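Only one structure is covered here, and it is reproduced in the block below.
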Amino acid sequence: MITICLTVIDSEQDRSRFLKIYENHKDLMHFVARRVLGDDQLAEDAVQEAFINVAKNFDRIKSLDENHMKNLLAVLARNESISLLRKEGRYKYNESIEADDSFNEIPADDDTFSEAHYLLLKEEILKLPDNYRNLLYLVGVCELDIKDAAGMMHISYETAKKRIQRSRKLMEKIIGGNYDDK
């Protein structure tokens, strides 16, 4: 699997970075996938698919810092796991949100929010259904464009746009803010 991923990546420097990311995060991704799937073999399949997705989009995500990369990979492992469950007809959508690692740390270089504001926003985002929360993470935090995020989540561009719109409305209701549709 790793050989396939490396063939997609152009430069030797990027291949080296990819291998480092793989070594640093494969266990976390397996843990996330195993938690969703309840099966080690399926978890390995989900992690493999997630890393193939990472390799295909490596130019767009290679500049993410360590915290964002870790969170992105956890989201991708979870999404791939859910995709496997859907293929098997075993996935049941559940809006109950348990604490997860999708937004686990405050970016060290981000002066936009104070720690208190960041934690409050994180708490409110975690109340969103998974499909909205994960898409918001990919677009808002990882700064992927909607098209790339849609591809990583295995949804159409139009579905992604609609989910962003709906998540904004939900966030507006939750925190009482005012969002401009752009």
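The values are calculated or read from the model by the stated rules, or taken from the named source; none is laboratory data. From a predicted model like this one, the values you see are computed outputs, not experimental measurements. So basically every Cβ, Gly included, is an ideal-geometry build from the backbone, and we count neighbours across all protein chains shown. The accessibility values were calculated without ligands, DNA or RNA, using every heavy atom of the protein model including side chains. Shrake-Rupley method; radii C 1.70, N 1.55, O 1.52, S 1.80 Å.
In segment 11-34, which residue that is of a type in the set (D, E, K, R) and touching a residue at least 12 places away in the same chain (Cβ under 8 Å) is least open to solvent (accessible area, probe 1.4 Å)?
First, the residues of segment 11-34 that are of a type in the set (D, E, K, R): 12, 14-15, 17, 20, 23, 26-27, 34.
From the residues that got through so far, the ones that are touching a residue at least 12 places away in the same chain (Cβ under 8 Å) too are 14, 17, 26.
Values: ASP14: 22, ARG17: 75, LYS26: 63 Å².
So, considering only residues that are of a type in the set (D, E, K, R) and touching a residue at least 12 places away in the same chain (Cβ under 8 Å), the one least open to solvent (accessible area, probe 1.4 Å) is ASP14.
Could you tell me whether segment 169-180 includes any residue that is among the basic types (Lys, Arg), at pLDDT 65 or above and part of a loop (DSSP other than H, G, I, E, B)? Within segment 169-180 (the criterion being among the basic types (Lys, Arg), at pLDDT 65 or above and part of a loop (DSSP other than H, G, I, E, B)), the answer is no, since none of the residues qualifies.
Could you please find all residues in segment 123-148 being open to solvent by less than 20 Å² (accessible area, probe 1.4 Å) and either outside any loop (DSSP other than H, G, I, E, B) or without any contact (Cβ under 8 Å) to a residue 24 or more places away in the chain (or both)? Hits for segment 123-148 are ASP130, ARG133, ASN134, LEU135, TYR137, LEU138.
Among residues that are at pLDDT below 80 and part of a helix (DSSP H, G or I), LEU120 is included. Scanning segment 61-97 for residues that are modelled with pLDDT of 85 or more and open to solvent by 50 Å² or more (accessible area, probe 1.4 Å), we see that the one that is nearest to VAL8 (Cα to Cα) is LYS62.
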